[in-house]
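Structure record follows, encoded as structure tokens.
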Amino acid sequence: MLFSQMSLPAPLQQALSTLAFEQATPIQAQAIPLILAGEDLLASAQTGTGKTAAFALPLLAILSQTPSQAQSPKALVLVPTRELALQVHQSIQALGQFTSLSAVVIYGGVSIEAQCQQLSAGVEIIIATPGRLLDLHRRGAVNLNEVAHLVFDEADRMLDMGFADEIAQLMALLPTERQTLLFSATLDDEVLSLSHKWLNQPKRIAVSPENSASKDVEQRVYAVDSERKFALLCHLINKGDWQRVLVFSRKKVAADKLAERLSQQAISARAFHGDLGQGVREQVLNGFRQGEIKVLVATDVAARGIDIDALDYVVNYELPYVAQDYVHRIGRTGRAGKQGVAVTLYSEEDALLLEEVEVLLDKRLPQQWLPGFEPDLTKADPNPKRHGKAAQKRRAKRRGQGGRR
């Protein structure tokens, strides 16, 4: 669908033309009409699908056509991190450049007095992290009584970072009569519980996930016994003189432990996950960007906030439980036409997970052995059921359905 076919006011059409945005993405084509119609929305969409404009455009359209004194905010966008807050604010500023609407971005780690001053001038839209917004409310610097539109952006990541209590406190400050929009990359039980609690008969939409890897990413699978994964990782980093390596772990505790072990081997490494404070995350990311930290060990949810240029290596220390996450992981390298390498350290207990990835990609990922790290083939298969007839039938059925589970 073309933006020119949508019911968006002239100032927004002018901004879209200036930005050379003509064709709506799938999430925008589905979400914008529903939001303009006043519906609550539960949307499953990954980063990079155009989800910010999917909620920003209709909110700007509604607010620009609603008389306001701009004393109290009418729209609130809650985000998990400073990085995302700045990105959303930048997008709203660009899309609303020909309107008279004002937007303020609120996050921790900077002067709260300056933010109080910004809010005192009056504002229609606030983009905020939950903790700092609560601090400002306690100071009497912000009134949320007139918020008519609430957006949860990357709701799963907010919950992963432990913002459930702050969200509950903020919800008690908002009017019950409002439009609520929830965007999340995953719709797990926690996110669905949040939606059941705070959304009113939401329309549900989803964007089909990407199921292919970039041609600019070389995918390698090294077979190794699980107890030798760490030694192989150190070998690859040291022998190849790898710099700025993003290593994926499934759990926060495991990420902490792996980063600590790497540091003990004189490989500068830090963990990156939702339990770290905002200031610590910024410090770690800056150190990684500047080359002071060689290895970043991240969880899948936290890694969505990482935007690093010239990232040459991604390592799957553990394969993800969800095959789609593999595509997102390796998509962190091989960007902007540059070549990247995605390495998977594979042991026999990962067999079923690797099969899921291969089904999704519709291609085999040949395993390689590195001299000195060959797997012990005399060990018993930890997943004997994967060879059974039932398992074979399930895999054949998935392949016949194009890899969908």
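Read-outs throughout are calculated quantities, based only on the coordinates presented, and are distinct from any laboratory measurement. As the structure is a prediction and not an experimental result, all values here were calculated from the model. Here Cβ is always computed from backbone atoms with ideal geometry, including for glycine, and neighbour counts include all displayed protein chains.
Can you give the Rg to Rh ratio for the chain, taking only C-alpha atoms and Rh from Kirkwood?
1.00
Considering the options ALA223, ASN238, ALA10, tell which one lies farthest towards the positive end of the dipole of the chain, charges being +1 on Lys and Arg and -1 on Asp and Glu at the Cβ, about the Cα centre.
ALA223
Want the number for LYS251 to LEU370: 0.36 nm per residue separation, take away the alpha-carbon distance, what's left?
Once the chain is fully extended between LYS251 and LEU370, it gains 40.2 nm.
With everything on Cα atoms, drop me the angle between helix 51-64 and the longest principal axis of the chain, reported from 0 to 90° to the nearest 10.
Here the helix axis deviates by roughly 0 degrees.
Starting from the exponent 0.38 and prefactor 2.2 Å, build the expected Rg for region 144-272 from its residue count and divide its actual Cα Rg by it.
1.51
If we count other beta carbons within 10 Å of each Cβ, what is the order of ILE106, ILE330, fewest first?
ILE330, ILE106
Determine the percent antiparallel among the DSSP beta bridges restricted to the chain, to the nearest 5.
Details: 1 of 51 bridges.
DSSP beta bridges in the chain are roughly 0 percent antiparallel.
On a full-extension model of 0.36 nm per residue, what is the gain between GLU177 and ARG204, subtracting their alpha-carbon distance, rounded to one decimal in nm?
Stretched fully, the GLU177-ARG204 segment lengthens by 7.8 nm.
ASN145 to LYS197: extension gain in nm, 0.36 nm per residue of separation minus the Cα-Cα distance?
16.8 nm
Ranking THR18, THR176, THR299, THR186 by Cβ neighbours within 10 Å, fewest first, what do you get?
Least to most surrounded, the residues fall as THR176, THR18, THR186, THR299.
When only Cα pairs under 8 Å and 6 or more residues apart are kept, what is the percent relative contact order across region 3-206?
Computed value for region 3-206: 28 percent relative contact order.
What aspartates and glutamates sit close enough to LYS203 to cross-link, taking a C-alpha to C-alpha distance under 12 Å and skipping anything fewer than 8 places away on the same chain?
Correct list for LYS203: GLU39, ASP40.
Please report, to two decimal places, log10 I(q)/I(0) for region 3-206 at q = 0.10, 0.18 Å⁻¹ as given by the Debye formula with identical point scatterers on the Cα atoms and no solvent.
Summing over Cα pairs of region 3-206 leads to -0.38, -1.34.
Rounded, prolate or oblate for region 4-80? Axes are the square roots of the Cα gyration tensor eigenvalues, ordered a ≥ b ≥ c, and the cut-off for rounded is a/c under 1.5.
Cα axes put region 4-80 in the oblate bin.
Counting Lys and Arg as +1 and Asp and Glu as -1, what is the net charge of the other residues whose Cβ lies under 10 Å from the Cβ of ASP188?
-4
Please order LEU353, LEU233 by the number of other Cβ within 10 Å, starting at the fewest.
The order, fewest Cβ neighbours first, is LEU353, LEU233.
Quick one: helix 351-361 against the long Cα principal axis of the chain, what's the angle to the nearest 10°, folded into 0 to 90?
60 degrees
Once the principal axes of the Cα atoms of region 217-375 are found, what is the range along each, listed largest first in whole angstroms?
41, 30, 30
Determine, for each peptide in 366-376, 81-91, the mean count of other beta carbons within 10 angstrom over its residues, then list the peptides with the highest first.
Going from most to least packed, we get 81-91, 366-376.
Over the chain, what is the relative contact order in percent, taking alpha-carbon pairs closer than 8 angstrom and at least six residues apart?
With pairs under 8 Å counted, the relative contact order is 15 percent.
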